[in-house]
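See structure below.
The values are calculated or read from the model by the stated rules, or taken from the named source; none is laboratory data. Quantities reported herein were computed from a predicted structural model and do not represent experimental measurements. Heads up, the Cβs are rebuilt from the backbone with ideal geometry, glycines too, and the neighbour counts pull from every protein chain shown.
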């Protein structure tokens, strides 16, 4: 009888552990978010890292008050993660202490006159400092005295949310920011069929077609059939076209050729550096894009390709005909739902012509390649791969996701921010930078953020592959200036 009782207790505890509960109420982590949780490696931690510069400065006490008032309205920022063999669970941190998450810091005294370099070095160090797994996976680091104001470094684990969601959430901290909308808690799908419907089909139906843009009426009709197959076979041809597109895109992902072998690709080490430049006026970027009949995105990505090419040339490398592949996140949620945490994005590979000297030729080539990606289902397939990876044990997940690392040199993000400068605790938010993590052996991350009428470029690199990212950053403005000048010299006629 005693043996049976003990066995019963063991079984009950095992069941609780498998659901990640252990006596605590919790919410199961989605499979996609679980994939990000397990993706940390010695060379790349899965943290989104950001920096805000503010003038005048703000105090630690005031910042703690604002975080408690606004950010902690989002349950994820009060919850820690409990892992188990089947996945992970979000549970309330009953010992939550704001002082563990909002830290006061100072740059070294020798930084006087070189504060930006010291801040960049500190951000790079924090990018490789793991978050405490026993606590909610985020921290703010406030440098109260920075260039006559303050600098706020933000570190948030990717399993909490993607970049679009986190920008929306952190914007709730600014003066006039809004708390998360009230909404009913949705029960997590229990069976595999429910999960596939909830995680893959519905987002594709409701979000992906709009997010990818220009997918066409046929694709929309096909998504409707997936959602409601009882409507008949009238859309069979459209569904066949969609199936062909999916198969083609899946083959393209699986058979991606290797990148050019540049010094930016290789086995990364365990240290990071970040760099950023002064913003480029957004109106000037728009003017160049309009003159060339290209999007702002085409112009900026062309400048990125040119800057990387010039960096490699300056080191004596022959870049003739060289190309590198960058994985670009594609948002899969409506922007009015960005406050919903979690990861809802796919990845699309873009090959950048870094060896193309002529800036006009290069921007048109980038435009051609971007247009070829429109209507692609590759972002959805990448999202699905992450979802499946979340179901696997860590070694199998790493093997599956190594596809991206082996075929890719960089992760590149381009996020639109507010048009006007914002205020935090009465101080002006002057600059906003962020970097998303690189997975596997990828050692280069490039971020582009439009904010306050300017476009901010930022780079994060592994120091083994690129010890001085500022040298890449220093090429961005000259590349844009070169493109602007050549655009003005073109024969536009009357």
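Data for the structure
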read-out: Meets criteria (within 15 Å of the chain's Cα centre (by Cα) and at pLDDT 85 or above) for residue 455; value: no
read-out: Top-ranked residue in segment 70-89 [being in contact with a helix residue (DSSP H, G or I) (Cβ under 7 Å, 6 or more places away or on another chain) and assigned to a strand (DSSP E or B); ranked as nearest to residue 122 (Cα to Cα)]; value: 81
read-out: Helices (runs of 4 or more DSSP H) completely within segment 96-178 that count 2 or more residues being out of contact with any helix residue (DSSP H, G or I) (no Cβ under 9 Å at 6 or more places or on another chain) and modelled with pLDDT of 95 or more; value: 115-126
read-out: So residue 472, is it modelled with pLDDT of 90 or more and assigned to a helix (DSSP H, G or I); value: yes
read-out: Odd one out for residue 458, checked against (1) in a strand (DSSP E or B); (2) under 18 Å from residue 171 (Cα atoms); value: (2)
read-out: Selection from segment 51-69 of residues that are touching a strand residue (DSSP E or B) at 6+ places or on another chain (Cβ under 7 Å) and assigned to a helix (DSSP H, G or I); value: 60, 63, 64, 67
read-out: Near pairs, Cβ below 8 angstrom, 6+ apart or cross-chain, from segment 59-72 (farther than 19 Å from residue 105 by Cβ) to any residue that is in a helix (DSSP H, G or I); value: 68/98; 70/172; 70/173; 72/78
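Every residue, every condition in (1) part of a strand (DSSP E or B); (2) closer than 30 Å to residue 479 by Cα; (3) modelled with pLDDT under 65, yes or no:
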{"residue": "362", "(1), (2), (3)": "no, yes, no"}
{"residue": "379", "(1), (2), (3)": "no, yes, yes"}
{"residue": "415", "(1), (2), (3)": "yes, yes, no"}
{"residue": "433", "(1), (2), (3)": "yes, yes, no"}
{"residue": "449", "(1), (2), (3)": "yes, yes, no"}
